[in-house]
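Rule-based calculations on the coordinates, nothing more; no lab input. Being a predicted model, the structure only gives us computed values, none of them experimental. As a convention, Cβ positions derive from the backbone with ideal geometry for all residues, glycine included, and neighbour counts pool all protein chains shown.
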Ligand code: XMP
């Protein structure tokens, strides 16, 4: 079974938590696709072949304003069950003839609600629930035929439902963890009301994907750019399982990976019996970067070089028929531009720019439907090492954007050594799981120090460790002071060329996670 076996369409009205709805539904073992609210009925059935229900996300606008995003006609015409969340609830209310108006008092944060009529939506739940509210509008009058299912102090219609039709609206967000029993509510809707099947598992995904890859590529050879990151590795593992040595993975080492990382990629390729083509282009990259200090210039040079080296290696490999990429679902969602106009666009999602032209229309993207956590689950099941599966995000331009100022082999080695100590200590302290990203940065700033009886005049290492879920905002990790002391002492003692260590206590925004 795969996503072809049925699921839920989520129409995205621009809520920050729209992706989370899809993830929560998938955690129930049911396939969910996040689609723009302009999706046609054909597109919806194309994305979710056996469509069982529709969820309408929240969103920033007010449904009663002119030009506000609307509910597509097909949603109600299809007679599928519908769950409207926040803005989605307003759309349901208006579509059935109810009234929406600005709330006298806005409700944000954790709010108690009282369930007055459970229906299928709240079946099995306690009468009093804590939910996460975030809205400025509220339902003034529910449409005819709708029952009030729950109320809060400020929202007399916190949840409504047309029980016969299976159409519901909730003013709060069941998808966020702050809604205590949100997962149970979504389960009630998805399984209880929509009767969706629970076949969305990593095992089933692998079986279906292997089959699909075989059908797609036939006897052709598949080129894959490997970066050392989890997405390209998992894509490679799937393709290798499907077509074995027809996979031609190419790993370009630009010399700006972390300590031991390039060897680990080669080692992984060997242990998995892939015919990995490893190219060490360190010197070429460093030559082109000589004297360059501007961060964006570094990125452009590295992107261009990657394309050149990759293309050169690809042309050495003889006949190639397909190009594989580790594109994942958030990349697809972002480039489809779901949600409100002007929603942020992501950075280029792959590290190999300038794809061989002849293969641009012949893409194999086996992870297009997976969220990151699903990619990791599939990778584990396919036997990839934990170091790859659980690798933290690492920028395509690598350490070049953490080596502030000139990128030379010597400075990269200093940075690598300090970075290694930092990560080593975080691992030993058992705090790695609570940190989204941790790394060292080398500054082109010298300061005076004293070592033994000698004066030193060396560069500065900055330690950066952040907590975040989406990498759009981030907080600095509250590391234990004794741990920081140990790290600092080890770095100045073990890493030649560094005599001072700083800890970055900036949040994003206004800072970014990386220094460049
Ligand atoms: P910032 O620094 O923008 O980083 O707060 C957010 C996330 O993006 C990663 N990052 C990059 N990834 N190429 C990439 O592939 C890049 O040029 C790049 N710059 C930043 C960063 O590591 C963090 O996870």
Please work out the C-alpha center-to-center distance from the range 131-149 to the range 159-200 and express it in whole Å. 15 Å
Can you list the equivalent-ellipsoid semi-axes of the chain, largest first and in whole Å, using the square root of 5 times each Cα gyration tensor eigenvalue? 46, 30, 19
Under the rule of -39500 (n - 2.57) per DSSP H run of 4 or more residues, summed and divided by the residues of the chain, what mean residue ellipticity at 222 nm is obtained, to the nearest 500 deg cm²/dmol? -9500 deg cm²/dmol
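Counting only DSSP beta bridges with both residues in the chain, what percent are antiparallel, rounded to the nearest 5? Display every interim value, and only then the final one.
Numbers: 38 of 76 bridges.
Percent antiparallel among DSSP bridges in the chain is about 50.
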Which order do the peptides 58-71, 155-168 take when ranked by the mean count of other beta-carbon atoms within 10 Å per residue, highest first? 155-168, 58-71
Starting from 0.36 nm per residue, how many nanometres of slack lie between residue 470 and residue 77 once their C-alpha separation is accounted for? 137.9 nm
Is the C-alpha gyration tensor of the range 100-173 telling us rounded, prolate or oblate? Criteria: a/c under 1.5 is rounded; beyond that, a/b larger than b/c is prolate, otherwise oblate. oblate
Report the full-extension gain for the segment residue 153 to residue 117: residue separation times 0.36 nm, less the Cα-Cα distance, to one decimal in nm. 11.3 nm
What ranking do 444-455, 174-185 get when scored by the average of other Cβ atoms within 10 Å per residue, highest first? 174-185, 444-455
If you line up the Cα atoms of the range 202-389 on their principal axes, what length do they span on each, largest first, in Å? 51, 45, 34
Relative to the first principal axis of the alpha-carbon coordinates of the chain, what is the inclination of helix 202-217, with its axis defined by its Cα atoms, in degrees from 0 to 90 and to the nearest 10? 70 degrees
Quick one: helix 372-381 against the long Cα principal axis of the chain, what's the angle to the nearest 10°, folded into 0 to 90? 70 degrees
Can you grab the distance from the C-alpha centre of the range 353-410 to the C-alpha centre of the range 221-267, Å, no decimals? 9 Å
Cα-Cα pairs in the range 106-264 separated by more than 23 Å, as a whole percent of all pairs, come to 58 percent
Compute the long axis of helix 18-27 from its Cα atoms, compare it with the longest principal axis of the Cα atoms of the chain, and write down the angle in degrees, 0 to 90, nearest 10. 90 degrees
Rank-order 485-496, 470-481 by packing density, defined as the average count of other C-beta atoms within 10 Å over each peptide's residues, highest first. 485-496, 470-481
